[in-house]
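Enquirer: Dropping a structure here in structure tokens format, bear with me for questions.
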Amino acid sequence: MAVMKTDLIVIGGGIMGLWAALYAARAGLEVLLVEHATIGAGASGGLLGALMPHTPDRWNDKKQFQFDALVSLEHEIRKMEAETGLSAGYRRTGRLIPLAKPHLREIALRQVGDAAINWRTADGGFAWRVLNAAPDGLFASDAGLQGAVFDELAARVSPRGLLQLLTAVLGNMPGVIIREGCAARDIDPRQARVVLADGTIVHAGHIALSAGVDSFPFIDGLTASAGGEARLRSGTGVKGQAARLAVDLDPATPILYSDGVYVIAHDTGGVAIGSTSEVEYDDAFSTDQRLDDLLVKAERLVPALAGAPVIECWAGLRPKAIGRDPMAGPHPDFSRLHILTGGFKISFGIAHRLAAAVVAGISAHTSGRDEAIELPLSFRCETHLALLQS
Ligand SMILES: Cc1cc2nc3c(=O)[nH]c(=O)nc-3n(C[C@H](O)[C@H](O)[C@H](O)COP(=O)(O)OP(=O)(O)OC[C@H]3O[C@@H](n4cnc5c(N)ncnc54)[C@H](O)[C@@H]3O)c2cc1C
């Protein structure tokens with residue numbers, strides 16, 4: 001029976017796990033990342049990559065956390081791109097939202113002032129502009145009768161490009177091991193010990209559980225073993241379907257968004273269309289009529305998509321935690337077990353800041369120094385787990 005030692009074992013090679021491994025390696029920790037299948041085999045290996053801010057009104061700590069994350073992500077990506085020569089397909093394109101009804105225009109106009117206050121940075125900031133008309137030819141003529149919002153903060157990234165970039169950077173860092181085709185089978189959070197599917201026992205200083213939707217059964221099992229009642233589940237998977245079409249749309253085109261439909265032109269060609277949102281499904285990973293219906297809706301919104309050949313269809317499960325917000329930070333009963341999941345629809349914009357917070361918590365635990373990065377209360381693991389008992 002093989003035995004390994006490491007400072008941190010990261011379980012799951014999606015966007016959360018890769019950022020956790022990167023921050024940990026930067027902090028000088030030895031890292032073993034185990035991935036059940038291949039990097040990006042879960043929800044992170046999709047097509048869309050929208051980095052969409054919350055609206056700038058009714059500001060709170062979680063909107064501030066996401067704003068700071070969306071602002072800092074570009075710098076993080078540019079640094080890694082310069083190091084490797086690879087591209088993550090990142091571009092701050094902004095987002096256009098057609099306004100179909102007068103009351104939506106009134107709300108949007110009020111949000112202009114909110115953005116001026118809340119979307120400020122040291123270099124200026126980002127505007128939420130209300131246009132009298134959407135730029136010519138982008139939307140169907142009846143889509144934006146009351147004009148459109150142009151939000152300057154939104155951006156997009158190639159999900160697979162970013163995963164490849166992170167993997168490449170990690171591959172060059174000392175003390176990092178990535179094992180694909182290697183699942184964690186059992187977690188002993190008290191000893192920070194993990195048994196892998198091949199029987200290898202890993203003694204770790206800390207565990208980061210970033211297994212996407214598969215994190216929740218682990219968490220539920222631990223809650224039950226700590227004497228809690230596992231009446232509710234700590235989270236679920238919400239299925240999403242998306243497609244990539246062969247359309248010649250300028251990659252500088254803003255994200256086009258209306259009523260749950262995203263149309264996103266990518267640098268490498270092709271336009272991603274997303275997404276369905278399904279709580280009930282038979283097969284999490286197949287595409288069906290719901291995707292066809294979504295494509296019809298997208299064509300109605302953006303006539304340039306009409307008749308475009310489909311290059312790829314894709315489906316995955318978004319991890320949604322019981323409290324609906326991301327779930328991050330140390331488990332309240334096991335200080336060496338750190339959770340990183342539940343990013344639901346916004347993981348790509350915030351995963352690096354969540355990972356930074358988790359790794360700062362580990363460093364603080366190890367060094368005794370208070371290096372913690374504050375997470376919004378509704379993100380914290382203990383807040384979610386308290387809902388299990390309610
Ligand atoms: C159709 C669709 C469109 C989306 N669009 C966007 C978008 O535009 N913008 C955005 O920000 N988000 C979007 N999302 C959500 C986003 O993709 C997810 O929130 C995010 O990818 C979750 O990342 P993760 O690292 O938590 O989980 P995952 O990417 O699922 O990674 C978890 C990994 O853990 C591995 N694993 C599981 N069990 C084990 C185990 N026991 N041992 C080892 N490894 C294990 C899995 O194989 C997997 O690779 C979309 C999701 C879908 C489905």
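The values are calculated or read from the model by the stated rules, or taken from the named source; none is laboratory data. Remember, predicted model here, so these are calculated numbers, not experimental data. Heads up, the Cβs are rebuilt from the backbone with ideal geometry, glycines too, and the neighbour counts pull from every protein chain shown.
Enquirer: Looking at the stretch 132-153, which of the residues that are of a type in the set (D, E, K, R) and touching a residue at least 60 places away in the same chain (Cβ under 8 Å) is surrounded by the fewest Cβ atoms within 10 Å (Cβ to Cβ)? Walk me through how you get there before you give the answer.
Expert: Quick first cut of the stretch 132-153, residues of a type in the set (D, E, K, R) only: 136, 142, 151-152.
Narrowing further to those that are touching a residue at least 60 places away in the same chain (Cβ under 8 Å): 151-152.
Details: D151: 24, E152: 18.
Ranking the qualifying residues of the stretch 132-153, first place goes to E152.
Enquirer: In addition: Of a type outside the set (S, T, Y), within 15 Å of the ligand (Cβ to nearest atom), over 19 Å from the mean Cα position of the chain (by Cα) and part of a strand (DSSP E or B), is that true of L317? First the steps, then the outcome.
Expert: On the way: of a type outside the set (S, T, Y): yes; within 15 Å of the ligand (Cβ to nearest atom): yes; over 19 Å from the mean Cα position of the chain (by Cα): no; part of a strand (DSSP E or B): yes.
Taking the combined requirement at face value, the residue does not satisfy it.
Enquirer: Among the residues that make up the stretch 24-32, is at least one of them over 16 Å from H203 (Cβ atoms), within 14 Å of the ligand (Cβ to nearest atom) and at pLDDT 95 or above?
Expert: There is no residue in the stretch 24-32 that is over 16 Å from H203 (Cβ atoms), within 14 Å of the ligand (Cβ to nearest atom) and at pLDDT 95 or above.
Enquirer: Determine whether the stretch 375-387 contains at least one residue that is assigned to a loop (DSSP other than H, G, I, E, B) and assigned by TED's automatic domain parsing to the domain that holds F218.
Expert: Of the stretch 375-387, the ones assigned to a loop (DSSP other than H, G, I, E, B) are 375-376.
Keeping just the survivors that are assigned by TED's automatic domain parsing to the domain that holds F218 gives 375-376.
Yes.
Enquirer: Any idea which residue in the stretch 246-279 is surrounded by the most Cβ atoms within 10 Å (Cβ to Cβ), counting only those that are among the hydrophobic types (A, V, I, L, M, F, W, C) and more than 19 Å from T93 (Cα to Cα)?
Expert: Initially, the stretch 246-279 is screened for residues among the hydrophobic types (A, V, I, L, M, F, W, C), giving 246-247, 249, 252, 255-256, 261, 263-265, 271-273, 279.
Next, from what is left, pick out any that are more than 19 Å from T93 (Cα to Cα): 246, 279.
Working: A246: 12, V279: 9.
Filtering first and then ranking leaves A246.
Enquirer: Checking the structure you have, find out if any residue of the stretch 154-174 is without any contact (Cβ under 8 Å) to a residue 24 or more places away in the chain and polar (S, T, N, Q).
Expert: Scanning the stretch 154-174, I find no residue that is without any contact (Cβ under 8 Å) to a residue 24 or more places away in the chain and polar (S, T, N, Q), so the answer is no.
Enquirer: Given the stretch 77-171, what strands (runs of 3 or more DSSP E) lie entirely inside it while holding 3 or more residues that are touching a Phe, Trp or Tyr at 6+ places or on another chain (Cβ under 7 Å) and not charged (D, E, K, R)? Step through it out loud before you land on a result.
Expert: Values: elements: 95-98, 128-131, 148-151.
Output list reads 95-98.
Enquirer: Every residue in the stretch 341-350 that is among the small types (G, A, S) and either within 7 Å of the ligand (Cβ to nearest atom) or farther than 20 Å from S275 by Cα (or both), please. If you could, list the steps in order and put the result at the bottom.
Expert: As a first pass, look at the stretch 341-350 and keep what is among the small types (G, A, S): 342-343, 347, 349.
Across the stretch 341-350, the qualifying residues are G343, S347, G349.
Enquirer: Another one. In the stretch 337-348, is there at least one residue being in the same structural domain as G212 (by TED's automatic domain parsing), in contact with a His (Cβ under 6 Å, 6 or more places away or on another chain), of a type in the set (D, E, K, R) and at pLDDT 95 or above?
Expert: So far as the stretch 337-348 goes, no, none of its residues is in the same structural domain as G212 (by TED's automatic domain parsing), in contact with a His (Cβ under 6 Å, 6 or more places away or on another chain), of a type in the set (D, E, K, R) and at pLDDT 95 or above.
Enquirer: Let me ask something else. Among the numbered criteria (1) surrounded by 15 or more Cβ atoms within 10 Å (Cβ to Cβ); (2) over 23 Å from the mean Cα position of the chain (by Cα); (3) β-branched (V, I, T), which one does T93 miss?
Expert: (2)
Enquirer: Among (1) more than 10 Å from the ligand (Cβ to nearest atom); (2) within 27 Å of Y90 (Cα to Cα); (3) in contact with a Phe, Trp or Tyr (Cβ under 8 Å, 6 or more places away or on another chain), there is one condition V310 misses while meeting the rest; what is its number?
Expert: Unmet condition: (3).
Enquirer: Residue check: is A21 touching a residue at least 12 places away in the same chain (Cβ under 8 Å), within 13 Å of the ligand (Cβ to nearest atom), surrounded by fewer than 18 Cβ atoms within 10 Å (Cβ to Cβ) and not assigned by TED's automatic domain parsing to the domain that holds W128?
Expert: Numbers: touching a residue at least 12 places away in the same chain (Cβ under 8 Å): yes; within 13 Å of the ligand (Cβ to nearest atom): yes; surrounded by fewer than 18 Cβ atoms within 10 Å (Cβ to Cβ): no; not assigned by TED's automatic domain parsing to the domain that holds W128: yes.
No; evaluated as a whole, the condition is false for this residue.
Enquirer: Within the stretch 111-131, track down each residue that is in contact (Cβ under 8 Å) with a residue 60 or more places away in the chain and among the polar types (S, T, N, Q).
Expert: Hit for the stretch 111-131 is N118, nothing else.
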